[in-house]
């Protein structure tokens, strides 16, 4: 059996003396989509922040390609795309400037794909508009445009469909399915019913922790 | 999937981040005025409040200009990481495979270029307004040129530690002011020595040494502080 891409072993996290999850173990293989489910406040975002390496307030072990996370942190960061609650878009920069900076600091991106990506998320003609004059949904689209030019094998997406219209959601789902088909992995949270059927696994948080 | 290769040169990452932050500052240039206005105000109001006598003013000029520059820098520190924290850019910075200390250094250099450097350029004007002896003028410029980057670097540690708090302004002051004192002492010392005709090489050497130490060590502390702030 090949080593899983990402492995979480016996994760434990509490917040304000409330246990969010304990003895949480799972693996993620290349080509798999892991959908983290649970009611509001069940720790989905916390889990994703822990997996992405933003939060260290947890116990347990994470490993990346079979190695402990602390040893391969830089390799992991280079291989991951994180989409969080905050879009990470600077209001005074234009959409294109925002994405170009992202490309500059992330090696696994194709800077020449920025224009095409903006067109694909429906922002053609908005490349040179400062992001503060775009709507909330458009700002999230700017951030989601990264999915089109990123070559990172792992995507960590926290509520990627919030404030995105129906057509946009269908396109993003197709993109996620294509990414998995190419051998990439996705961890995502969403309250929306995923239309993707292949290679999707569910991880339930809150009450029904798998033991 | 191709193997991740961190082949983007670090120098390029530094310049691109520096340019991005300067562009951000330029697009919000109104925000840059308030520390400068504060700097000018202190120097203008001081003679009115204390004494307009030239002999008295020329004695305290070095101290007043330096204290005003220090407080103006402190005033501008809170905004260093605030907007990046609020819009999520900071998370993306932390998750990039580039060394965070390098990105931080680029941000601090950009911050100094739009705060410390204008202060240094304005300082001779304030010196003249406060009857600073002519011999002290070059010492004032050189000491500020070496001292204000150190103030920005040290202030960045405070900004990094308090960025996760809703009201970080007061806490930054408490954290950072004690560390500013050596810079202030050697900065004003240089100007006072020059005004009385003494050599200032020693003072500038110490300011330079503090700066060198700051450039090397503070980005690491700032990076650690940012990881803590974002982790909570």
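The values are calculated or read from the model by the stated rules, or taken from the named source; none is laboratory data. These numbers come from a predicted model, not from an experiment. Ideal geometry is used to build each Cβ from the backbone, glycine not excepted, and the neighbour counts take in all protein chains shown.
Couple of notes before you dig in:
Here's the yes/no breakdown for (1) within 14 Å of chain B (Cβ to nearest Cβ); (2) within 20 Å of residue A:201 (Cβ to Cβ); (3) in a strand (DSSP E or B):
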site: A:4; (1), (2), (3): no, yes, no
site: A:12; (1), (2), (3): no, no, yes
site: A:30; (1), (2), (3): yes, yes, no
site: A:41; (1), (2), (3): no, no, no
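- Complete set of residues in the stretch A:52-107 that are facing chain B (nearest Cβ under 8 Å), without any contact (Cβ under 8 Å) to a residue 12 or more places away in the chain and not in a loop (DSSP other than H, G, I, E, B): A:74, A:75, A:97, A:101, A:104, A:105
- Check on residue B:78, without any contact (Cβ under 8 Å) to a residue 60 or more places away in the chain, surrounded by fewer than 24 Cβ atoms within 10 Å (Cβ to Cβ) and closer than 30 Å to residue A:85 by Cβ: no
- Options A:109, A:46: the member that is in the same structural domain as residue A:140 (by TED's automatic domain parsing), surrounded by 18 or more Cβ atoms within 10 Å (Cβ to Cβ) and within 28 Å of residue A:140 (Cβ to Cβ): A:109
- Identity of the residue in the stretch A:178-197, in contact with a strand residue (DSSP E or B) (Cβ under 9 Å, 6 or more places away or on another chain) and without any contact (Cβ under 8 Å) to a residue 40 or more places away in the chain, that ends up surrounded by the most Cβ atoms within 10 Å (Cβ to Cβ): A:179
Conditions tested, residue by residue: (1) assigned to a helix (DSSP H, G or I); (2) within 24 Å of residue A:6 (Cβ to Cβ); (3) in the same structural domain as residue A:179 (by TED's automatic domain parsing); (4) out of contact with any strand residue (DSSP E or B) (no Cβ under 7 Å at 6 or more places or on another chain).
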| residue | (1), (2), (3), (4) |
| --- | --- |
| A:114 | yes, no, no, yes |
| A:118 | yes, no, no, yes |
| A:123 | no, no, no, yes |
| A:126 | no, no, no, yes |
| A:142 | yes, no, no, yes |
| A:160 | no, yes, yes, no |
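- Considering residues of the stretch B:82-97 that are part of a helix (DSSP H, G or I) and farther than 12 Å from residue A:89 by Cβ only, the residue farthest from the other protein chains (Cβ to nearest Cβ): B:82
- Positions within the stretch B:175-232 being closer than 25 Å to residue B:78 by Cβ and not in a helix (DSSP H, G or I), in sequence order: B:232
- Answer from B:32, B:22 - the residue that is under 20 Å from the mean Cα position of the chain (by Cα), more than 11 Å from chain A (Cβ to nearest Cβ) and modelled with pLDDT under 90: B:32
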